[in-house]
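A short write-up of the structure that comes next.
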Amino acid sequence: MTDFQQTALELAAEQQTPAWLAALRQQGASTWAAAAWPGRKTEHWKYISLAPLQQCEQLGWSSESDDVALDAVEQIELDAIRLVFVNGRFNAARSSALPAGVVRFADANTEQQALIQQHLGKVVDSERHMFAALSNAWAADGVLLHVARGHKLEKPVYIVNVSTAQANPVAASQRVLVVLEDNAEAELIEHYASDSVSQNGFVNSLTEVVVGNNAQVQHYRINLEQEDLLHVGGVHVNLQRDARFHGFTLAQGSRLKRIDYQVNMLGEGAHLELNGVYLPRNRQVIDYHTNVEHCVPHCTSNEVFRGIIGDSAKAVFNGRIHIHPQAQKTLAELSNKNLLTSRTAEINTKPELEIYADDVRCAHGATISQLDETSLYYLQSRGVTKADAITMLSFGFINELLNQVPEQAVQDYLRPRLVSLFGQPSEMVGQIGYE
Amino acid sequence: MMLNIKDLHAKVEEKDILKGLSIEVKPGEVHAIMGPNGSGKSTMGNVLSGRPGYEATAGSVTFKGHDLLEMETEERAREGLFLAFQYPVEIPGVSNMEFLKAAVDAKRKHQGLDEISSVDFLKLARETCKRVNLDASFLKRGVNEGFSGGEKKRNEIMQMMLLEPDLCILDETDSGLDIDALQVVADGVNAMRDGKRSFLVVTHYQRLLDYIVPDYVHVLAGGRIVKSGDKSLALELEAKGYGWLENEVV
């Protein structure tokens, strides 16, 4: 067991937690302790180093939910059921009154506790995802979103997780469980944000989503965090018959950010739509791994990820599609396009297809490029400066995906913040390809 | 003098294309440049607009008294040179509206004016759409994204109208256009002929010149002008082809 695994277990021992989560925590702790620490030869971690975690010393829990730092973080303007967490601590004053069906684990009634116990840690395979095992070991607070059969949640649920600089690096464990019964519908926005102060801190987040027959979820995971934060997260989804998961994810910031999407097609006619954007710059590292398990026939999945990697940043995209022998008539598409804006930026992209059924349609593509010279010239020939043209084209590259975001408030929040990322294009001018 | 090209030599990818091109264009004049495929017509437009990779190796180009070849691509545009592309570029993700406003604002900034307000610009852009018979919904779409050939060409003319350049170079704007679209393009150009603005109309076909009547017609072959005349030369070319001029190429 490595030092960090040990430290994490010690942190688990410091938590005060409800007795009904004890079994999950115990199981998580032993899986975590037994897990082999990923190295360069571990296939799903080979492109990034977890060394920053091992170097994250004096990690501790935050003692209180900090209002002051919270003011430094702008939230999405949205009429929503809002839950605000600061460094993993719930902030009641900044959160909404919660309707039935949305509850913190700490406040769950007996029935809800039973529901949580039934599903929590069951969608995710913690033997394969060691940080899910850690999340189980750290299970304490969290949010349950439960929509009964045939019901639709009137407003989106908006969970804001804010990290702020503290005297010592802070650990935060975020846990969400979504249970949609048959024909139910809900929208969930998870927003990971931080103040601008760079400091080592570690967020381990895990969302499990159970989507019943013909139920539908619209899910967002927005990660806009400061430079040095370490964040490992996962979204694990089970789709039953005709269930639909529409996801959008965006990542910027962090010395180490690893996000896994695992979607299990368990019922015929299930559909996944997942769009993602990653924008590492400076020395940031962002790693997306998606894995779609097509276990049954007639399911469709469509994933589109785009990244712009600048400065000395690094990105990884690994998109796995696994079509099981009985999953005939599967339609699976995966596209990953990357734009490198500096000589020292790095992208590792790998579509990974395993197809064991013969009557399927599966398309995938990955590209790595620089800005199109002809487009640049076209803009300049209309009087636009090279710097502005680079900004417009870079933003345009991801704007295609932003335009498809169904929640207008999310678009309105992201657009100016992302444009401003490209707002100092002079840094990019003179880099490779644009001389 | 609007444009004075003197003995211009240019190469593309190490290949000499223009070999001593000379043309003088005065304010208000319309010059048609015709010539066979590979004669250097498009290269001329690209060199004049400052496309990367198109390198002038000898000769001079003066635009409104300035040394054009010394200017950056965007400076040329702001000084009033406009090239309507033969193959307009599709840029998904950048809306046509955003693109047009950036172009107009770049020019206004150059003239010492404030940026145009979004409301005023929208009004102007909608009116201009109407002039080239494009639905205003094209403003919201990505630049030329999924536009038909004719729509792309009309979009070029719309940009020309918005930017009000002093010198317009139309690079085979008529190619691939049906007769209705050709009429729209020609009407747009003719409406902009105000006695001061000059045009270089590069075309393969005489047909366009029935609609946009030139003051001069030049034949470009082998990288230089081999014959000049008035509009009757275009008709002669239509009847006889270019073959009879090939002998004049050095």
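The values are calculated or read from the model by the stated rules, or taken from the named source; none is laboratory data. The shown structure was predicted, so the numbers you read here are calculated from the model rather than taken from an experiment. Positions of Cβ are generated from backbone atoms using ideal geometry, with glycine treated the same way; all protein chains shown enter the neighbour counts. Just so you know, the surface numbers come from the protein's heavy atoms only, side chains and all, with ligands and any DNA or RNA stripped out. Shrake-Rupley method; radii C 1.70, N 1.55, O 1.52, S 1.80 Å.
Could you look at the stretch B:1-84 and say what percent of its accessible area is carbon and sulfur, using a 1.4 Å probe and all protein chains? Walk me through the numbers on the way to the answer.
Working: 1390 of 3450 Å².
The C+S portion of the solvent-accessible surface of the stretch B:1-84 is 40 percent.
Could you check what % of the DSSP bridge pairs in the protein assembly as shown are antiparallel, to the nearest 5? Let's see the in-between values first.
Numbers: 30 of 180 bridges.
Bridges in the protein assembly as shown that DSSP calls antiparallel: roughly 15 percent.
Determine the shape class of the stretch B:63-152: with a ≥ b ≥ c the square roots of the Cα gyration tensor eigenvalues, call it rounded for a/c under 1.5, and otherwise prolate if a/b is greater than b/c, oblate otherwise.
Values: a/c = 2.13, a/b = 1.39, b/c = 1.53.
Oblate, because a/c is 1.5 or more while a/b does not exceed b/c.
What aspartates and glutamates sit close enough to B:K109 to cross-link, taking a C-alpha to C-alpha distance under 18 Å and skipping anything fewer than 8 places away on the same chain?
Counting by Cα, and skipping residues close in sequence, B:K109 has these aspartates and glutamates nearby: A:D388, B:E72, B:E74, B:E75, B:E79, B:E98, B:D120, B:E164, B:D166.
Taking H placed 1.01 Å from N in the peptide plane, check which residues at least 5 places from A:V237 or on another chain put their amide H under 5 Å from its amide H.
Here the answer is A:V209, A:Q262, A:V263, A:N264, since their amide H atoms fall under 5 Å of that of A:V237.
Do any trypsin sites (Lys or Arg not before Pro) in the stretch A:238-333 lie in a loop, going by DSSP, with at most 16 other beta-carbon atoms within 10 Å of their beta carbon, and if so which? Mind showing how you got there, number by number?
Numbers: sites: A:R241, A:R244, A:R255, A:K257, A:R258, A:R281, A:R283, A:R306, A:K314, A:R320, A:K329; in loops: A:R241, A:R255, A:R281, A:R283, A:K329.
Of the trypsin sites (Lys or Arg not before Pro), the ones in loops of the stretch A:238-333 whose Cβ has at most 16 other Cβ atoms within 10 Å are A:R283, A:K329.
Evaluate the charge dipole of the protein assembly as shown about its Cα centre and quote only its size in Debye, nearest 20, assuming +1 on the Cβ of each Lys and Arg and -1 on the Cβ of each Asp and Glu. Provide the component values of the computation, followed by the final result.
On the way: 65 positive and 90 negative charges, 76 e Å.
Result for the protein assembly as shown is approximately 360 debye, rounded to the nearest 20.
Which residue, A:A171, A:A193, A:A69, has the most motion in a Gaussian network model of chain A that connects Cα atoms within less than 10 Å?
In this elastic network of chain A, the residue with the biggest mean-square fluctuation among A:A171, A:A193, A:A69 is A:A69.
Please list, by residue number, every one of the trypsin sites (Lys or Arg not before Pro) in the stretch A:115-202 that is coil in DSSP and has at most 13 other beta-carbon atoms within 10 Å.
Numbers: sites: A:K122, A:R128, A:R149, A:K152, A:R175; in loops: A:K122, A:R128, A:R149.
Passing sites in the stretch A:115-202 are A:R128, A:R149.
Treat every Asp and Glu Cβ in chain B as -1 and every Lys and Arg Cβ as +1, leave all other atoms uncharged, and give the resulting dipole magnitude about the Cα centre to the nearest 20 debye.
Values: 31 positive and 40 negative charges, 55 e Å.
Charge dipole of chain B: 260 debye, to the nearest 20.
Which of A:A35, A:A327, A:A51 moves most in a GNM of chain A, Cα contacts under 10 Å?
Evaluated over chain A, the most mobile residue of the options is A:A51.
Along the charge dipole of chain A, which of A:F395, A:H219, A:Y158 sits closest to the positive end, that is, farthest toward it, with unit charges on the beta carbon of Lys, Arg, Asp and Glu (+1, +1, -1, -1)?
A:F395
How big is the antiparallel share of DSSP beta bridges in chain B, given as a percent to the nearest 5? List each step's numbers first, then the result.
Details: 25 of 42 bridges.
Around 60 percent antiparallel, to the nearest 5.
Please name which of A:A69, A:T367, A:S95 has its Cα lying farthest along the dipole of the protein assembly as shown towards the positive end, using unit charges on Cβ (Lys, Arg +1; Asp, Glu -1) and the Cα centre as origin.
Going by the Cα projections, it comes out as A:T367.
How shielded is A:122-134 by partner chains, expressed as the average number of their Cβ atoms within 10 Å of its Cβ atoms? List each step's numbers first, then the result.
Values: counts 0, 0, 0, 0, 0, 0, 0, 0, 0, 0, 0, 0, 0.
Taking all residues of A:122-134 together, the mean is 0.
Hey, if you put +1 on the Cβ of every Lys and Arg and -1 on every Asp and Glu Cβ in the protein assembly as shown, which of B:F85, A:N204, B:V104 ends up farthest toward the positive end of that dipole?
The residue sitting most towards the positive pole is B:F85.
Measure up B:K101/B:K123; B:K41/B:K64; A:K386/B:K101; B:K26/B:K196; B:K19/B:K240 against 18 Å on the Cα-Cα distance and list the ones that go over. Write out the running numbers ahead of the final one.
Working: B:K101/B:K123 12 Å; B:K41/B:K64 22 Å; A:K386/B:K101 16 Å; B:K26/B:K196 9 Å; B:K19/B:K240 25 Å.
Where the Cα-Cα span goes over 18 Å, the pairs concerned are B:K41/B:K64; B:K19/B:K240.
If a/c stays under 1.5 just call it rounded; otherwise compare a/b with b/c (prolate if a/b is bigger, oblate if not). Do that for the stretch B:1-142, with a ≥ b ≥ c from the square roots of the Cα gyration tensor eigenvalues. List each step's numbers first, then the result.
Details: a/c = 2.12, a/b = 1.74, b/c = 1.22.
It is prolate, given that a/c is not under 1.5 and a/b is the larger ratio.
For A:D228, tell me the accessible area in Å² from a 1.4 Å probe, rounded to the nearest 10.
It works out to around 40 Å².
Just to be sure I understand: with springs between alpha-carbon atoms less than 10 Å apart, which residue in B:K152, B:K107, B:K123 has the highest mean-square fluctuation in the Gaussian network model of chain B?
Per the Cα network of chain B with a 10 Å cutoff, B:K123 tops the list.
For A:T349, A:T341, give the ranking by accessible area with the largest first, probe 1.4 Å. Show your work: numbers first, answer last.
Numbers: A:T349 40, A:T341 5 Å².
Highest to lowest solvent-accessible surface, that is A:T349, A:T341.
So what does the Cα-only Debye profile of the protein assembly as shown read at q = 0.05, 0.06, 0.08 Å⁻¹, as log10 I(q)/I(0), no solvent term?
Those come out to -0.32, -0.45, -0.71, one per q.
Could you pull out every residue, at least 5 positions away or on a different chain, whose amide H is within less than 5 Å of the one on A:R320? Hs are placed 1.01 Å off N in the peptide plane, and Pro or chain starts have none.
A:T290, A:N291, A:V292, A:E352
Ignoring ligands, DNA and RNA, what percent of the accessible area of the stretch A:2-71 is carbon or sulfur (1.4 Å)? List each step's numbers first, then the result.
On the way: 1930 of 3960 Å².
Summing carbon and sulfur atoms, their accessible area is 49 percent of the total for the stretch A:2-71.
Hey, could you pull the Cα Rg and Dmax for chain B, both in Å?
Considering chain B through its Cα atoms, Rg and Dmax are 17.8, 57 Å.
How large is ³J(HN,Hα), in whole Hz, for each residue of the stretch A:171-180 in order, when computed from phi with the Karplus curve 6.51 cos²θ - 1.76 cosθ + 1.60 and θ = phi - 60°, using x for Gly and Pro?
So the J values, rounded to whole Hz, are 9, 9, 10, 10, 9, 10, 10, 10, 10, 9.
Can you give me the solvent accessible area of B:L100 with a 1.4 Å probe, rounded to the nearest 10 Å²?
0
Please turn the phi angles of the stretch A:287-294 into ³J(HN,Hα) values with the Karplus equation 6.51 cos²θ - 1.76 cosθ + 1.60 (θ = phi - 60°), one per residue in order, whole Hz, x for glycine and proline.
Taking θ as phi minus 60°, the curve returns 10, 9, 10, 10, 9, 10, 9, 8 Hz for the stretch A:287-294.
Give the cross-link partners of A:K337 among the lysines, using a straight C-alpha distance below 22 Å as the criterion and excluding same-chain residues fewer than 8 apart.
Cα-Cα hits under 22 Å: A:K46, A:K257, A:K314, A:K350.
Using a 1.4 angstrom probe on the protein heavy atoms only, could you order B:D171, A:D71 from most to least accessible area? It would help to have the intermediate numbers written out before the result.
Details: B:D171 10, A:D71 105 Å².
Largest accessible area first, the list is A:D71, B:D171.
Between rounded, prolate and oblate, where does the stretch A:138-179 land on the alpha carbon gyration tensor, with a ≥ b ≥ c its root eigenvalues, rounded for a/c under 1.5, else prolate if a/b exceeds b/c? Can you show the working numbers first?
Numbers: a/c = 7.15, a/b = 2.36, b/c = 3.03.
In terms of gyration-tensor shape, oblate.
Considering amide H positions built from the backbone, and no H for Pro or chain starts, which residues 5 or more places from A:S163, or on another chain, come under 5 Å of its amide H?
A:N87, A:A193, A:S194, A:D195
Just flag the trypsin sites (Lys or Arg not before Pro) in the stretch B:155-250 sitting in loop per DSSP whose Cβ has no more than 13 other Cβ atoms within 10 Å. It would help to have the intermediate numbers written out before the result.
Numbers: sites: B:R193, B:K196, B:R197, B:R207, B:R224, B:K227, B:K231, B:K240; in loops: B:R193, B:K196, B:R197.
Here the sparse-neighbourhood loop sites are B:K196.
Residues of B:143-152, mean number of Cβ from any other protein chain within 10 Å of their own Cβ, rounded to a whole number?
Values: counts 5, 1, 1, 0, 0, 0, 0, 0, 0, 0.
Neighbouring Cβ atoms belonging to other protein chains average 1 per residue here.
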